[in-house]
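We did not get these values from a lab; they are worked out from the coordinates using the rules stated. Computed from a predicted structure; not experimentally measured. For neighbour counting, all protein chains shown are included, and Cβ atoms are generated from backbone atoms with ideal geometry for every residue, glycine included.
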Amino acid sequence: MGTASRSWTVIESQLGSFGIAGTDEHVTEILLPGEVLDAAPPARVSEPVRAAAAQLAEYLEGQRTTFDLPLRSAGTPFQEAVWTSLVAITFGTVESYGWLADQIGRPTSARPVGQAVARNPLPIVRPCHRVVGATDLGGYGGGLVLKRALLELEGVTVEAIPTRAS
């Protein structure tokens, strides 16, 4: 990311406040409701962050199904492979952690894949909410209520996906 200045903004939606952070060149982080910084955003918001805010708002309003943004994350090679593969899960579908492990050529690594998914710094844009467990809805950094809401926004029948017993 070099010496690029950090930029961020917050958008409000029916699902809560979402933060978007980045630089002059890339979007680097999406913060889910409950993770958003309380401080006021900087006066100047970079173009990638501004574009991400507009596209995320359109998605949350049901008007967008894909994202076209310059992204940059800082994970291990394994994490980056998992995060990149998330984009293959199309709007309105769900896949399992095992499916994702197969996609990266590590079919016996569903558990490490799940750990990498949990560390995804660009949720929704890299749609980790579309990954479910083999027998239940799985987890989500923003909580299962948000995961269900995002899947329902995409037309997924979440009642057909069991919820993990607490």
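Taking the chain as the reference, fit the longest principal axis to its C-alpha atoms, fit the long axis of helix 77-86 to the helix C-alpha atoms, and give the angle between the two in degrees, 0 to 90, nearest 10. That works out to roughly 80 degrees. Cβ crowding within 10 Å ranks Leu150, Leu15 as Leu15, Leu150, fewest other Cβ atoms first. Compactness ratio for the range 7-60: Cα radius of gyration over 2.2 N^0.38 Å (N = residue count) comes to 1.01. Qualifying chymotrypsin sites (Phe, Trp or Tyr not before Pro) in the range 80-157, where qualification requires a DSSP coil assignment and no more than 15 other C-beta atoms within 10 Å, comprise Phe91. To the nearest ten degrees, helix 144-153 and the longest principal axis of the Cα atoms of the chain are 80 degrees apart. Of the trypsin sites (Lys or Arg not before Pro) found in the range 27-87, the ones in coil according to DSSP and having at most 15 other Cβ atoms within 10 Å of their Cβ are Arg44, Arg64. Measure nothing fancy, just the Cα-based angle from helix 47-60's long axis to the longest principal axis of the chain, in degrees from 0 to 90, nearest 10. Result, in degrees: 40. Sequence-distant contacts, meaning Cα pairs under 8 Å at least 6 residues apart, place the relative contact order of the chain at 19 percent.
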